[in-house]
Amino acid sequence: MIYPQFDPTLSQRRTFLKQGGLSLGALALGSLLKEDQLRADVPKGKPSKPGFAGLPHFPPKVKRVIFLCMAGGPSHLETFDYKPKLEELDGKPFPASLTKGQPIAQLQGAALKCQRPLTKFKKYGKNGQVISDYLPWTAKLADDICIVRSMVTEQINHDPAHTFMNTGTAISGRPSMGSWINYGLGTENSNLPGFVVMTSVGGRNPQPIASRQWDSGFLPSQYQGVEFNSSGEPVYYVKNPKGVSDSQQKNLVNFVNKLSAHQNKKFLNPEIDARISAYETAFKMQASVPELMDLSDEPQDMLDFYGAKPGDGSFASNCLLARRLAERGVRFIHLYHRGWDHHGGLEKYMKICCGLTDRPTYALLTDLKRRGMLKDTLVIWGGEFGRTPMFQGKGGAGRDHHIKGFSMWLAGGGIQGGTTYGATDELGYNSVDNIMHVRDLHATMLHLLGIDHNRFSVKFQGLDMRLTGVEGAEVAHGVLS
Amino acid sequence: MLGAQKVSSTLKNSKFISRWEFFTIVGIIFSISHLDAPAAFGDEAPLSYNHDIRPILSDKCFFCHGPDEKHRKRKLRLDDEASAKKKVIIPGDPKKSKFIRLLKTDDEDDIMPPLESGKTLTPKEIALLERWVKEGANYEPYWAYVPPKKHTPPKVKKTNWPLNFIDHFLLDRMEKKGFQPNPEADKRTLIRRLYFDFLGLPPKYEDVEKFVNDSDPKAYEAVVDRLLESQHFGERMAVYWLDLVRYADTVGYHGDQDHSISPYRDYVIKAFNKNIPFDQFTREQLAGDLLPNPTLDQKVATGYNRLLQTSHEGGVQPKEYIAIYQADRVRNVSQVWMGATLGCAQCHDHKYDPLSLKDFYSMGAFFADVDEEQHFKVGTNALPTRRPPEITIYSPEDQKLIENYDKKIAALQGSLKKQKGKDEATKKNIAKLQKLLKEQQGLKKKVVARGRKTMITVSKKTPRTVRVLPRGNWLDDSGPIVQPQVPITLGKIEKEGRATRLDLADWLTDPKDGVGLLTARVFANRFWYMFYGEGLSRSLDDFGGQGEPPVAPKLLDRLAIEFIENGWDVKKLVKTLVMSRAYRQSSVAQAELVQLDPYNRYFTRNIPSRLPAEFIRDNLLAASGLLVSEVGGKSIKPYQPAGYYKHLNFPTRKYRSDTDERQWKRGVYMHWQRQFLHPMLKVFDAPNREECTAKRARSNTPLAALVSLNAEVSIEAARVFAQLTLNQAGKSIEERLSYMTRRAIQRDMDATEKKIALEFIQQVIESYKKKPESAKELIEIGNAPVDKKLDPVELAIWTQVARGIFNLPEMTLRN
């Protein structure tokens, strides 16, 4: 029997099967392979084997995902989930019946008091979506976005909560969603990675973000997220060494590949074939990445529209770059903005964080829409968790981490814009209606990409590993158009 | 063939197998020899349950009809012979067996596995199951729980081929299949293979030449013996071990601060070099602190229990993290020593293996005495952070110095006390003594500063109470309290009072009253993997039901038994592995075997493999002459792109690469930042060591090519290599080229290669002659001093040639 556990030989097997065993030539070329062609050979209709074969399972609604991660955990109670009851109970003890036996982060042992919403809300769009004053630009998107008010996660500290949001578990070593999706669907541009991560900072006490968040876990490493920097070297080692010109570098790569090919006439080692390809692509990346990151071909009014200044490393620049990445066929684009950990000084820091992210977010969606790209893009906005309805006061009123109910929004292809999905209780503590667990979000995302999450699994340590785990997950049909 | 009688008596004599019997199987009639002749390879032999049937059942059926009681459907267990035969299997009669009927039915409501499970059986799998039922549906105890036996090597036709028992077992399989072994690799390839496998370093060209020209039949063995004595052997083995035990220099969670642990890494290197028996190595790491009068090394070894990821983040609830740490340890200890995925039983009974929720927490209880809660309070955002209990260790020289200072200080203090009176002379004397004292204290302080802290295990007087956590939920205190105990199907530690980590270590390595035989097999397979490129069983970390049964199981058994009989002697086992003829085969696949045996499961060739990340670095440094081969010491910080740690906080991090010669120490000493592993390590598939890694991926990505092409260390090494070449080699291009290839890849180029190379060199010469100013930029990269005597343009030209050579496949591949 062919041993099914996932290991690097899997891609070898794929190639092997495709080429009828005549050549093992393209071992581990991974995303460089024209995967869709390979898949065309897989018979349709029958339930496919778990894993990459036979993907997509059904016609996808979107081609790519842009995930706008508001790292630190924005307050749902000051963005999308207005709770008048909290106004009424402001400063009063928080009902112990809700908090008893529940996980709690920094407020351990403290007296728990209600904290009123620290801003005003208004209704926007055709359906009167309720959005706070902190987000005037997002408010203009009211008819495009589906607000989810009933998110639930399982991890109450930043690092594990991000891991949970990205991989569906807090256990290290599992692939993040961007890796899963690229592994499943392949990439449209072999000169760029299929999974790109960019970060920006601004707000209160930026929490660390580990590279684990874009790791490919037990999937082959070519599916890992690659960090692009909008300031400094765009990708590590993508520039020639000082004193080496492009043509010198090209001669060098040619020399290496000619000798590799010559040698491999003797060894017939598929690894060497793969290596030759990797060197070719690396050289192409040395041109394509700087071209992509260079905003000089964007007109000034476009830069102004986003609020981007080339090279400033801001969320605005990253949003503009996200659009350029999307145009070039990158499948999963993950932006992190670090600064949303508002244990105190919430009003001040909400102004800063929203000031840095609100308008660029509007610009990105609008730009995608104008270019006709929003309809095949899924945009997701949200943090790793929400914040407590209870007061915390690390330097002025703020809120602690909260996992039982928080808000996110979705927009783009297949999403029912102008709607609100789910609800928390009257204090904004527990999600009570149409609860969307992180795993349900994953299932829904995969669904839009044409993937049945139950049938997309990879063997690891003897188990059928899925992004959505073993506990069960549901596609949230209520958010779909 | 072993008769059923003999098998059952073997089973009775083994303590843990009686548990296994208790668990699933009563009365076994079968032949273990099936294991070596699975019917998939020949139609006439009866099918083997373990090899042919169990993998199908495990993958497709056990999820609902297996060990997990809660998830079991219709009370049917297909892993349990009695249950299966009572309910759905009629031995010998597939037609009447409901089991087969439901696999083949057209009725979508009845078909097994159910459609919604997403699992389907292929026609070939159904045919195998049908045939198995027809043949009597014979079960076997699960191979990984059957203790290995010392099988006699089979007779082979080609009697002059085998050199040791390994060859008998492998050739027997090849002959039965009609395969031919590969001829021996050429001697250059062979000695390079030995060097990389034993040391992770290349041989010198002179060593290769000497070996190639040595006609003494003992020459090969002499190289093996020499390499086993090298101090770099321990470094090479440590790279593998440190992956298993998830050694890293940082805490992993949240702020990912540095923690103090590098002496543990040095302990591992030393242990392999000193060839500490593996059972002792196990005891020292799990329970060195519980040994009588533990030595300093044994205390350092207990750092093993502290290698896990930790956090002192403000919002951490200690109770939650204690549960997380416990689960982490259970996962690691079971994967490392047992090749078991006991971690899967954290929330529910294991789906595929006889491991229960209670087993998981009972295993966790062994570690309930590990003193570690202090860090929730005293952990700081300094670098390194605090993770008590820690001790400080010194080099032997420093240790002596400190003792001397202490003596002097004590003497001076004694003299000071004796000074009485207030006269001028006494005052003068006191002042003099105080000055001396201060001097000595200052000197001591300097030496003390050179010490290295390291986390150790200290046993708390009162261990934490450990409960079964229902569904793994740490907030739920309703589960029963458990005591330290091993998984019940594998045995039991009989002891008055609480079993300790030392008892666990003993149990893991005791071939009679514990699972030592199974442990030996897990490691025999891993050592095999290290030298043969792939395991006999490819699941190096899962010998459970979902893992792959080994090819040549009798060979694996024999290796395990010899390992124990030789007193867990790692070097001896390693030597046995490489003294075979099989190891020495060429790695070039025979054309027809590429199709017939694409994964080399018959070991008709050695498997070429890309070097681990650390050795790719070492290889460059060795060729250039930059390599600093000092063994042990603080973790080193090689060049790294600016801003690479910009996402870290608490504290924010500024990476300062080493400016002294530590810059050029071996990869095994590189600072291991879990959240942002050095990019060079990462692109070449080194794991971030959050969890146990028994097998690294071997990828070939454009990002890795970018590192090889452009990273600072590659450029610096190329330039230093060029300096060496210009100073040592002759004046002609040919002489210089030959010097370089001999040193870097231990050979001369053939005519075609030379032609390509000379064309390239001409291009390089012309390009730099046109732009002499860029030559200067290139040669100034890196800390290593630039040889000012050399012409910058010439140096740049040969730096560029060296870059070319450093990017050849042979620099990263071991054939």
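The values are calculated or read from the model by the stated rules, or taken from the named source; none is laboratory data. Quick caveat: nothing in here was measured; it's all calculated off a predicted structure. We place every Cβ from the backbone using ideal geometry, glycine too, and count neighbours over all the protein chains shown.
Here is a yes/no grid of residues against (1) at pLDDT 90 or above; (2) assigned to a helix (DSSP H, G or I):
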| residue | (1), (2) |
| --- | --- |
| A:238 | yes, no |
| A:241 | yes, no |
| A:247 | yes, yes |
| A:266 | no, yes |
| A:271 | no, yes |
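Taking the conditions (1) surrounded by fewer than 21 Cβ atoms within 10 Å (Cβ to Cβ); (2) in contact with a Pro (Cβ under 7 Å, 6 or more places away or on another chain); (3) more than 10 Å from chain A (Cβ to nearest Cβ) in turn, residue B:696 satisfies each one other than (3).
Scan region B:426-449 and give yes if some residue there is in contact with a strand residue (DSSP E or B) (Cβ under 9 Å, 6 or more places away or on another chain), surrounded by 14 or more Cβ atoms within 10 Å (Cβ to Cβ) and part of a strand (DSSP E or B), otherwise no.
Within region B:426-449, the first condition is being in contact with a strand residue (DSSP E or B) (Cβ under 9 Å, 6 or more places away or on another chain), and the residues that meet it are B:448.
Retained after the next criterion (residues that are surrounded by 14 or more Cβ atoms within 10 Å (Cβ to Cβ)): B:448.
From what's left, part of a strand (DSSP E or B): none.
Among the residues of region B:426-449, not one is in contact with a strand residue (DSSP E or B) (Cβ under 9 Å, 6 or more places away or on another chain), surrounded by 14 or more Cβ atoms within 10 Å (Cβ to Cβ) and part of a strand (DSSP E or B), which makes the answer no.
Applying a threshold of 6 Å to beta carbon distances and a minimum spacing of six or more residues, or different chains, the list of pairs starting in region B:763-784 at a residue that is assigned to a helix (DSSP H, G or I) and ending at one that is surrounded by fewer than 16 Cβ atoms within 10 Å (Cβ to Cβ) reads B:777/A:242. Would you be able to say whether some residue in region B:616-626 is under 22 Å from the mean Cα position of the chain (by Cα), closer than 30 Å to residue B:721 by Cα, more than 11 Å from every other protein chain (Cβ to nearest Cβ) and of a type in the set (Asp, Glu)? Within region B:616-626 (the criterion being under 22 Å from the mean Cα position of the chain (by Cα), closer than 30 Å to residue B:721 by Cα, more than 11 Å from every other protein chain (Cβ to nearest Cβ) and of a type in the set (Asp, Glu)), the answer is yes, since at least one residue qualifies. Residues in region A:387-417 that are more than 14 Å from every other protein chain (Cβ to nearest Cβ), in a loop (DSSP other than H, G, I, E, B) and surrounded by 24 or more Cβ atoms within 10 Å (Cβ to Cβ): A:389, A:405. Among residues of region B:586-612 being in contact (Cβ under 8 Å) with a residue 24 or more places away in the chain and in a helix (DSSP H, G or I), the one that is nearest to residue B:191 (Cα to Cα) is B:593. In the set (1) in contact with a helix residue (DSSP H, G or I) (Cβ under 7 Å, 6 or more places away or on another chain); (2) within 30 Å of residue B:348 (Cα to Cα); (3) of a type outside the set (A, V, I, L, M), the condition left unmet by residue B:405 is number (2). The lone criterion from (1) more than 14 Å from chain A (Cβ to nearest Cβ); (2) surrounded by 21 or more Cβ atoms within 10 Å (Cβ to Cβ); (3) more than 21 Å from the chain's Cα centre (by Cα) left unmet by residue B:560 is number (3).
Is at least one residue of region A:313-335 free of Cβ contacts under 8 Å to residues at least 12 places away in the same chain and out of contact with any Cys (no Cβ under 7 Å at 6 or more places or on another chain)? For region A:313-335, residues free of Cβ contacts under 8 Å to residues at least 12 places away in the same chain and out of contact with any Cys (no Cβ under 7 Å at 6 or more places or on another chain): absent. Pairs linking a residue in region A:252-267 that is facing chain B (nearest Cβ under 7 Å) to a residue that is basic (Lys, Arg), with Cβ atoms under 8 Å and 6 or more positions apart or on different chains, are A:252/B:803; A:260/A:275. Selection of region A:77-104 for residues being under 19 Å from residue A:350 (Cβ atoms) and of a type in the set (A, V, I, L, M) yields A:77, A:86. Within region B:717-731, the set of residues being within 11 Å of chain A (Cβ to nearest Cβ) and either over 37 Å from the mean Cα position of the chain (by Cα) or farther than 16 Å from residue B:811 by Cα (or both) comprises just one member, B:719.
Going through region A:272-293 one residue at a time, which ones are at the interface with chain B (Cβ under 7 Å from one of its Cβ atoms) and over 28 Å from residue A:197 (Cα atoms)?
As a first pass, look at region A:272-293 and keep what is at the interface with chain B (Cβ under 7 Å from one of its Cβ atoms): A:272, A:274-275, A:278-279, A:281-282, A:285.
Scanning region A:272-293 gives a single hit, A:272.
Given the structure, is residue A:209 within 14 Å of chain B (Cβ to nearest Cβ), hydrophobic (A, V, I, L, M, F, W, C), surrounded by 24 or more Cβ atoms within 10 Å (Cβ to Cβ) and in contact with a Ser or Thr (Cβ under 7 Å, 6 or more places away or on another chain)? Criteria met by residue A:209. Taking the criterion of being in contact with a strand residue (DSSP E or B) (Cβ under 9 Å, 6 or more places away or on another chain) and outside any loop (DSSP other than H, G, I, E, B), the only residue of region B:529-585 that qualifies is B:585.
Exactly one residue out of A:425, A:440 is surrounded by fewer than 19 Cβ atoms within 10 Å (Cβ to Cβ) and modelled with pLDDT of 95 or more: that is A:425. Among all residues of region B:675-691, there is none that is crowded, with 24+ Cβ neighbours inside 10 Å, facing chain A (nearest Cβ under 8 Å), more than 24 Å from the chain's Cα centre (by Cα) and not in a loop (DSSP other than H, G, I, E, B).
The test for being aromatic (Phe, Trp, Tyr) and either surrounded by fewer than 20 Cβ atoms within 10 Å (Cβ to Cβ) or within 12 Å of chain A (Cβ to nearest Cβ) (or both) holds for residue B:760.
Can you report the number of residues in region A:409-461 which are hydroxyl-bearing (Ser, Thr, Tyr) and within 30 Å of residue B:339 (Cα to Cα)? Show your work before the answer.
Filtering region A:409-461 down to residues hydroxyl-bearing (Ser, Thr, Tyr) leaves A:419-421, A:424, A:429, A:431, A:444, A:457.
Narrowing further to those that are within 30 Å of residue B:339 (Cα to Cα): A:457.
Matching residues across region A:409-461 total 1.
I'd like to know if region B:164-187 contains one or more residues that are surrounded by 22 or more Cβ atoms within 10 Å (Cβ to Cβ), free of Cβ contacts under 8 Å to residues at least 40 places away in the same chain and aromatic (Phe, Trp, Tyr). No, that holds for no residue.
Output the residues belonging to region B:732-757 that are of a type in the set (Lys, Arg), in a helix (DSSP H, G or I) and within 12 Å of chain A (Cβ to nearest Cβ).
Filtering region B:732-757 down to residues of a type in the set (Lys, Arg) leaves B:736, B:742-743, B:747, B:754-755.
From what's left, in a helix (DSSP H, G or I): B:736, B:742-743, B:754-755.
Listed by number, the residues that qualify are B:754, B:755.
Filter region B:785-808 for residues that are assigned to a loop (DSSP other than H, G, I, E, B) and at the interface with chain A (Cβ under 10 Å from one of its Cβ atoms); which is surrounded by the most Cβ atoms within 10 Å (Cβ to Cβ)? Only one residue tops the list, namely B:807.
Please count how many residues of region A:431-457 are part of a strand (DSSP E or B), over 13 Å from residue A:408 (Cβ atoms) and small (Gly, Ala, Ser).
Just the residues of region A:431-457 that are part of a strand (DSSP E or B), to begin with: A:431-433, A:436-437, A:457.
Checking which are over 13 Å from residue A:408 (Cβ atoms) leaves us with A:432-433, A:457.
Retained after the next criterion (residues that are small (Gly, Ala, Ser)): A:457.
Here the count works out to 1.
Answer yes or no: is there a residue in region A:331-338 that is farther than 30 Å from residue B:807 by Cβ, of a type in the set (Val, Ile, Thr) and in contact with a Ser or Thr (Cβ under 8 Å, 6 or more places away or on another chain). Looking for residues that are farther than 30 Å from residue B:807 by Cβ, of a type in the set (Val, Ile, Thr) and in contact with a Ser or Thr (Cβ under 8 Å, 6 or more places away or on another chain), one finds none in region A:331-338, hence no. Applying the set (1) within 7 Å of chain A (Cβ to nearest Cβ); (2) buried (at least 24 other Cβ atoms within 10 Å of the Cβ); (3) modelled with pLDDT of 95 or more to residue B:710 leaves exactly one unmet item: (2).
Out of A:474, A:426, I need the residue that is part of a loop (DSSP other than H, G, I, E, B) and more than 14 Å from chain B (Cβ to nearest Cβ). Which one? Step through it out loud before you land on a result.
Details: A:474 fails: more than 14 Å from chain B (Cβ to nearest Cβ).
After applying the criteria, what remains is A:426.
Conditions (1) in contact with a His (Cβ under 9 Å, 6 or more places away or on another chain); (2) acidic (Asp, Glu); (3) over 23 Å from residue A:470 (Cα atoms); (4) modelled with pLDDT under 95, marked per residue:
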{"site": "B:305", "(1), (2), (3), (4)": "no, no, yes, no"}
{"site": "B:317", "(1), (2), (3), (4)": "no, no, yes, yes"}
{"site": "B:330", "(1), (2), (3), (4)": "no, no, no, no"}
{"site": "B:335", "(1), (2), (3), (4)": "no, no, no, no"}
{"site": "B:356", "(1), (2), (3), (4)": "yes, no, no, yes"}
{"site": "B:359", "(1), (2), (3), (4)": "yes, yes, no, no"}
{"site": "B:389", "(1), (2), (3), (4)": "no, no, yes, no"}
{"site": "B:397", "(1), (2), (3), (4)": "no, yes, yes, yes"}
